[in-house]
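Undergrad: Attaching a single structure in structure tokens format; questions to follow.
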Amino acid sequence: MSKNDFSSRLETFLNRVRREFGAPTPPTPPADPIDEFVWSFLLWESTTSKAENALKRIRSATVDFNEFRVALPGEIRAILGERYPLVDERAIRMRAALDDIYRTEHAVTLARLVDMNKRDARQRLDTIEATPQFVAARVHLVALGAHSAPLDMRTFELLRDAAGIFEENTTLDDATGLLTRAIRAAESLEAHLLIQQWSESDPPPARKAPAPAKKKSKKTSTRARAAASSRTKKKT
């Protein structure tokens, strides 16, 4: 698929989602990107409703994100909930990531990223231990207003299988690159929110099947019937 073909397919899809769900309201960037970091970690391979409930449990069970950081993986698992998607991996990753931030910043904060240029900020996000690319990209996009295309496996597979946006042999990394190049910086936040909104609908609307081709009519014209009748009479 050429770049132009992909861009056209994506634009058609986003326009359809916008018509069906309406334009999304962009979130207000937090004063400290650590809030978006934790939220994006909860949203990774999950849904908004599940992430909201998990964040409420974190705030109820701990004083702040530093107390959450020092909790054992089993304790984090219990806070998130036993049935939370990828709960074991998520607990280990979140603890390792927050530990990395604490060692570097001497506090559980990412406030320093706000004053950094976008490239350096993304590099720092990408090097935080155990942090998925979806989380780094989403913080870069939502909290720092940079050009990124957050994409996790859950959403990627829906876009590939239900919407037909990606071809079968496309990898997650390839898909992220395609989205980043196809979506303009000024439109990247809306595009991400539209995709997230679509992916959480139940079920996500599938691609529209092409209309069946109309069968050609086999009706014989009046002139043809008259000619055939004339030939028959002559033979008689």
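Undergrad: What's the total number of residues in region 27-51 that are in contact with an Asp or Glu (Cβ under 9 Å, 6 or more places away or on another chain) and assigned to a loop (DSSP other than H, G, I, E, B)?
TA: Residues that pass the stated criteria total 7.
Undergrad: Quick test of your reading of the structure: Pro24 fulfils all but one of (1) under 26 Å from Ile165 (Cβ atoms); (2) in a helix (DSSP H, G or I). Name the failing condition by number.
TA: The single condition Pro24 does not satisfy is (2).
Undergrad: Here is a follow-up. Give the residue that is surrounded by the fewest Cβ atoms within 10 Å (Cβ to Cβ), with candidates limited to residues of region 168-204 that are free of Cβ contacts under 8 Å to residues at least 12 places away in the same chain and within 19 Å of Arg19 (Cβ to Cβ).
TA: Top of the filtered list is Asp202.
Undergrad: Separate question: Looking only at region 52-70, decide whether some residue is assigned to a helix (DSSP H, G or I) and closer than 29 Å to Arg9 by Cβ.
TA: No, region 52-70 has no match at all.
Undergrad: For region 126-199, which helices (runs of 4 or more DSSP H) that fit wholly inside it have 2 or more residues that are of a type in the set (Gly, Ala, Ser)?
TA: Filter on region 126-199 gives 133-138, 172-182, 188-199.
Undergrad: Moving on to the next point. Within the bounds of region 119-135, is there any residue that is within 24 Å of Trp198 (Cβ to Cβ) and either among the small types (Gly, Ala, Ser) or in contact with a Ser or Thr (Cβ under 6 Å, 6 or more places away or on another chain) (or both)? Give the steps one after another, and end with the answer.
TA: Residues of region 119-135 that are within 24 Å of Trp198 (Cβ to Cβ), as a first pass: 132-135.
Pick out the ones that are also either among the small types (Gly, Ala, Ser) or in contact with a Ser or Thr (Cβ under 6 Å, 6 or more places away or on another chain) (or both) and you get 135.
Within region 119-135 (the criterion being within 24 Å of Trp198 (Cβ to Cβ) and either among the small types (Gly, Ala, Ser) or in contact with a Ser or Thr (Cβ under 6 Å, 6 or more places away or on another chain) (or both)), the answer is yes, since at least one residue qualifies.
Undergrad: Among the residues of region 153-167, is any touching a residue at least 60 places away in the same chain (Cβ under 8 Å), open to solvent by less than 10 Å² (accessible area, probe 1.4 Å) and over 20 Å from Ser7 (Cα atoms)?
TA: No - not one qualifying residue is present in region 153-167.
Undergrad: Take Arg122 and tell me if it is touching a Lys or Arg at 6+ places or on another chain (Cβ under 7 Å), under 24 Å from Ala31 (Cβ atoms), in a helix (DSSP H, G or I) and free of Cβ contacts under 8 Å to residues at least 40 places away in the same chain.
TA: no
Undergrad: Across region 26-60, which residue is most open to solvent (accessible area, probe 1.4 Å) among those that are without any contact (Cβ under 8 Å) to a residue 24 or more places away in the chain and among the polar types (S, T, N, Q)?
TA: Step by step, filter region 26-60, then rank; the result is Thr28.
Undergrad: Now, a different point. With Ala78, Ala137 as the choices, which residue is open to solvent by less than 70 Å² (accessible area, probe 1.4 Å) and either in contact (Cβ under 8 Å) with a residue 12 or more places away in the chain or in contact with a Pro (Cβ under 7 Å, 6 or more places away or on another chain) (or both)? So that I can check it myself, show each step before the final result.
TA: Numbers: Ala78 fails: either in contact (Cβ under 8 Å) with a residue 12 or more places away in the chain or in contact with a Pro (Cβ under 7 Å, 6 or more places away or on another chain) (or both).
After ruling out the rest, the residue left standing is Ala137.
The values are calculated or read from the model by the stated rules, or taken from the named source; none is laboratory data. Just so we're clear, the structure is a prediction, and the values are computed from it rather than from any experiment. Cβ sites come from the backbone with ideal geometry, for glycine too, and all protein chains shown count toward neighbours. Heavy atoms of the whole protein, side chains included, go into the accessibility calculation; ligands, DNA and RNA do not. Shrake-Rupley method; radii C 1.70, N 1.55, O 1.52, S 1.80 Å.
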